[in-house]
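Asks: Quick one: structure below, then a few questions.
Since every read-out is calculated from the coordinates, none of them should be taken as a lab result. Remember, it's a predicted structure, so these values are computed and weren't measured experimentally. FYI the Cβ positions are ideal-geometry reconstructions off the backbone, even for glycines, and counts take in every protein chain you see.
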There are 2 protein chains.
Amino acid sequence: MPNKKISIGLFGFGCVGQGLYDVLNESQGLQASIEKICVRDKSKKRRLDAGRFTYDKKDILNRKDLDVVVELISDTDAAFEIVSTAMKNGVNVVSASKEMLAKNFAELFKLQQQHKVSLIYEGSVGGSIPILRNLEEYYDNELLQNVRAILNGTCNYIVTRMELEGKDYGEILKDAQANGFAEADPWLDVSGCDAKYKILLISVHAFGILLKPDQILNLGIQNIRYEDILYAKEKNLRIKLISRSEKIGDKYRVFVMPHFIDKSTELFNVMYEYNAVEVEGAFSCKQTFTGKGAGSHPTGSAVLSDISALTYNYRYGYKKLKKFMNGNGIIPDATKSLDIDFNIKVYVRFSNKSEIEKLEIVSIEEEYKSAKNNYIIATVNFKSLFHFCGNKDSKVFICAI
Amino acid sequence: MPNKKISIGLFGFGCVGQGLYDVLNESQGLQASIEKICVRDKSKKRRLDAGRFTYDKKDILNRKDLDVVVELISDTDAAFEIVSTAMKNGVNVVSASKEMLAKNFAELFKLQQQHKVSLIYEGSVGGSIPILRNLEEYYDNELLQNVRAILNGTCNYIVTRMELEGKDYGEILKDAQANGFAEADPWLDVSGCDAKYKILLISVHAFGILLKPDQILNLGIQNIRYEDILYAKEKNLRIKLISRSEKIGDKYRVFVMPHFIDKSTELFNVMYEYNAVEVEGAFSCKQTFTGKGAGSHPTGSAVLSDISALTYNYRYGYKKLKKFMNGNGIIPDATKSLDIDFNIKVYVRFSNKSEIEKLEIVSIEEEYKSAKNNYIIATVNFKSLFHFCGNKDSKVFICAI
């Protein structure tokens, strides 16, 4: 293991970028320095000298003396451009951009093989929780059965406060935005999109299947009301946005939606901005990894850990993914492995029936009507839930039971 | 990563050995076969053909065609003999014998360097929880502050059932023995000894300090009564046997003892035979790993994961340990880094004062006397607790607050 000093070119100096800077400054074990930081906004006041920054990505990408490019920006297209250029130049990359990774995975995988470089991205999923490397290395030969996880800190923060404070969604969301726990435009988080990108990456490392983002159902918490929380509470349940990736025979079910969960699972006790990943294997039984899922320093320390891993030439082995590849180097289309044709029991709260006419209801178990709202407890065809996925107009709240 | 078939020589075919056999049989990713199994008892009926077994360790140790020796026996001296011989022969070893590892660590470390072999032992701590490798690799450059863990499944099983069923220690212990959750001689577990060996190994990988077992205080649950549990319950607390390894400035505090813990920590919800390890870093904040801490298949799958890691030449880097070594290859005496001279607040339940006369009491906060028992809530000098460590005659129950 060479103990040389690592030279870093950093893209982005927002929340995570600054977190990385702090963590790196305090780190004792790793000899590393950020040589240059590329940012977009010239007018923004920064906490470091102007000389540390550049506004031209070429100032980093064209340098020959850097060991690693760390990409921590929010613009997905720009992130892909940066990451792929660095890889083509033969430079190892650490990234925390889940959306970019999820949308361009096949291409990024190919570039890793072609240019013999390493791309690692632990910070993109579960903040400081070391889940991807554990799935890749530790659960390598374990007969993994399923992964169930709370992967979005914003959603968990909102439902936790709604429950504990007895307040409605809008009020808590506003407060969360004021306190830095939700973005000005919260859609990516509350719609379950962010969690979807993460479960896509988890599915690659857990099961070796690569899906496209639009193959994965994401129902979010954007339509939740306090009355839904109360319904759960009366039954000693909690509502959590759960991301699932499960093996059922030869098929896989991968989706994100709110779930009623009970005390018997560890996920019940995961509150506020915490994330948790429950991994179940045929032999290891259930194991749960819990930690802060977001935030400047926790994510910064995950990124630092990736940088550190590069010092001993770590790269994801993608052993499970490669098993499906038959040696031709092309990741197979996982569509035929994906099971979306099954029935699932759900709680559906709506105002009038027209809102749920696209739902393929198999059977209704309970039906509740009042002046204020209606709900049904029903078994529905999973596929028909896609009508509500990413639908900004729908006001229906759907929760798995 | 070579994909050749791995030949295993196995020592021990008890609970974990049989678990490994099952897990290996079902494993898809790993090409491995157990070539020979060395056991002690000729008279015991085995589930496999007699031809699979040998009673002479040389039948494994003298073979030149084995890739790995897996040591899963209970006799500590015999285990050390086997493991060190295999290493001297240049064979990689996987072991789950925490007592053997803790008692012979310096020697085993030296053998790894001298003979350029790998000794890995994830199965020795926390059953299926991948804690050592994470401490070693993932938290490499994280400013780790402390590790607090539930590491003994037997103790946690007993206190859980005492609390939930309102029964006394003796009754639950008997039942636990009948159900396979406690040994016929439970001392190693209930005294906190087993947990001590594990926190010793954790301290090596978390902080790079190697202690001797007798430098680590272990107070167990052997003297617990239902009234102690009730005392905790009335205050919304639980009693758990907690192993701690903490950095305080330049010093370390490492000890095992029962603790009253409250709802705010994840450890509160860890019940029955489950283990959990809480890792706190300056930047990553608290992270918790939870899973089955013992049992045939969970531990077997941890052992399998170690075997699998050997296929890509994994070995512990011991980066933190090596930092203290100044290049001379000798692990320094950690005694001077160990802090045992501090005050700690405890609950002490006893029958009469003579039982606790060796306790150096700094101040007493509460005192309770009754015909049945007495307790005090006091601040005591930590060092004086060693008088009660491993003391089979003492009936005093001591619990940190």
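Asks: Just counting partner chain Cβ atoms within 10 Å, what average do the residues of peptide B:125-137 show around their Cβ?
Replies: Partner-chain Cβ atoms within 10 Å, mean over residues of B:125-137: 4.
Asks: Would you calculate, for chain A, the mean residue ellipticity at 222 nm contributed by helices, counting each DSSP H stretch of 4 or more residues as -39,500 (n - 2.57) and dividing by all residues, to the nearest 500?
Replies: -8500 deg cm²/dmol
Asks: P(r) for segment A:127-277, please, calculated from all Cα pair distances in 5 Å bins and given in %.
Replies: Per 5 Å bin, starting at zero, the Cα-Cα P(r) for segment A:127-277 comes out as 2, 10, 19, 22, 19, 14, 8, 5, 1, 0 percent.
Asks: Another question about this same structure. Shortest first and in nm to one decimal, what separations exist between A:Lys212 and its copies in the other chains, measuring from label points 7 Å along the Cα-to-beta-carbon line?
Replies: 6.6
Asks: Sort out for me the Cα centre separation of segment B:138-162 from segment A:348-367, rounded to whole Å.
Replies: That distance is 46 Å.
Asks: Given the C-alpha centroids of segment A:95-110 and segment A:252-327, what is the distance between them in whole angstrom?
Replies: For segment A:95-110 versus segment A:252-327, the Cα centre distance is 17 Å.
Asks: Next up: In µm²/s, what is D for segment A:312-386 at 25 °C and 0.890 mPa s, where D = kT/(6 pi eta Rh) by Stokes-Einstein and Rh is the Kirkwood radius from Cα pairs?
Replies: Translational diffusion coefficient: 154 µm²/s.
Asks: If I take R0 = 35 Å and measure r between the Cβ atoms of B:Lys167 and A:Ser264 in this structure, what FRET efficiency does the formula 1/(1 + (r/R0)^6) give, to the nearest 0.05?
Replies: So the FRET efficiency works out to roughly 0.95.
Asks: Within 10 Å of each Cβ in peptide A:26-38, how many partner chain Cβ atoms are there on average? Round it to a whole number, please.
Replies: Mean shielding by partner chains, rounded to a whole number: 2.
Asks: Hey, another quick one. So how much slack lies between A:Ala371 and A:Asn236, counting 0.36 nm per residue of separation and subtracting their Cα-Cα distance, in nm?
Replies: Going from the current span to full extension adds 46.1 nm.
Asks: Let me ask something else. Using just the C-alpha positions of segment A:185-261 as equal point scatterers, what log10 of I(q)/I(0) does the Debye formula give at each q in 0.13, 0.18, 0.23 1/Å?
Replies: -0.44, -0.75, -0.99
Asks: Could you work out how much longer the chain between B:Lys88 and B:Asp65 gets when fully extended? Use 0.36 nm per residue separation minus the Cα distance between them, nm to one decimal.
Replies: Computed gain between B:Lys88 and B:Asp65 is 6.8 nm.
Asks: Then there's this: For B:Lys45, which aspartates and glutamates qualify as cross-link partners when the Cα separation must be under 18 Å and same-chain residues fewer than eight apart are set aside?
Replies: B:Asp22, B:Asp56
Asks: Got a sec? Which residues in segment B:1-38 would a label at B:Tyr272 touch, if it sits 7 Å along Cα→Cβ and we count backbone N under 14 Å?
Replies: The answer is none, because no backbone nitrogen lies closer than 14 Å to the label point.
Asks: Under 16 Å Cα to Cα from A:Lys322, which aspartates and glutamates show up? Leave out anything in the same chain fewer than 8 places away.
Replies: Within the straight-line limit of under 16 Å, A:Lys322 reaches these aspartates and glutamates: A:Glu107, A:Glu136, A:Glu137, A:Asp140, A:Asp333.
Asks: Now, a different point. Working only with C-alpha atoms, what are the Rg and Dmax values of chain B, expressed in angstrom?
Replies: In order Rg, Dmax, the Cα atoms of chain B give 21.7, 70 Å.
Asks: Taking 7 Å along the Cα-to-C-beta vector as the label spot, tell me the B:Tyr55-B:Phe324 distance in nanometres, rounded to one decimal.
Replies: Here the answer is 4.4 nm between the modelled labels.
Asks: Short version: what are the Cα gyration tensor semi-axes of segment B:1-114, square root of 5 times each eigenvalue, largest first, in whole Å?
Replies: For segment B:1-114, the ellipsoid semi-axes come out as 21, 18, 13 Å.
Asks: Return the FRET efficiency for the residue pair B:Lys5, A:Lys395: r is the Cβ-Cβ distance, R0 is 41 Å, and the value is rounded to the nearest 0.05.
Replies: Approximately 0.10, to the nearest 0.05.
Asks: A further question follows. Where the label is 7 Å out from Cα toward Cβ, how close does B:Asn328 come to the same position in every other copy, in nm, shortest first?
Replies: So the label point of B:Asn328 gives 6.2 nm to the other copies.
Asks: Distance check, please: which entries in A:Lys320/B:Lys319; A:Lys235/A:Lys345; B:Lys5/B:Lys58 exceed 27 angstrom between their Cα atoms?
Replies: A:Lys320/B:Lys319
Asks: Taking only the Cα atoms of the protein assembly as shown, how large is their convex hull per residue, in Å³?
Replies: 185 Å³
Asks: Can you find, among B:Cys389, B:Val362, B:Thr379, the residue farthest towards the positive end of the dipole of segment B:341-401? Put +1 on the C-beta of Lys and Arg, -1 on that of Asp and Glu.
Replies: Positive-end residue among those listed: B:Cys389.
Asks: Across peptide B:288-294, how many C-beta atoms of other chains are within 10 Å of each residue C-beta, on average?
Replies: 6
Asks: Between A:Asp75 and A:Asn313, what's the calculated FRET efficiency when r is the beta-carbon distance and R0 is 25 Å? Round to 0.05.
Replies: Step by step, r from the Cβ atoms, then E = 0.25.
Asks: Give the separation of the Cα centroids, segment B:38-62 to segment A:204-248, in Å.
Replies: Using only Cα atoms to place each centre, the spacing works out to 50 Å.
Asks: Using the structure shown, select from B:Lys98/B:Lys196; A:Lys263/B:Lys196; A:Lys196/A:Lys247; B:Lys42/B:Lys292; B:Lys88/B:Lys196 the pairs with a Cα to Cα distance greater than 21 angstrom.
Replies: Beyond 21 Å between Cα atoms: A:Lys263/B:Lys196; B:Lys42/B:Lys292; B:Lys88/B:Lys196.
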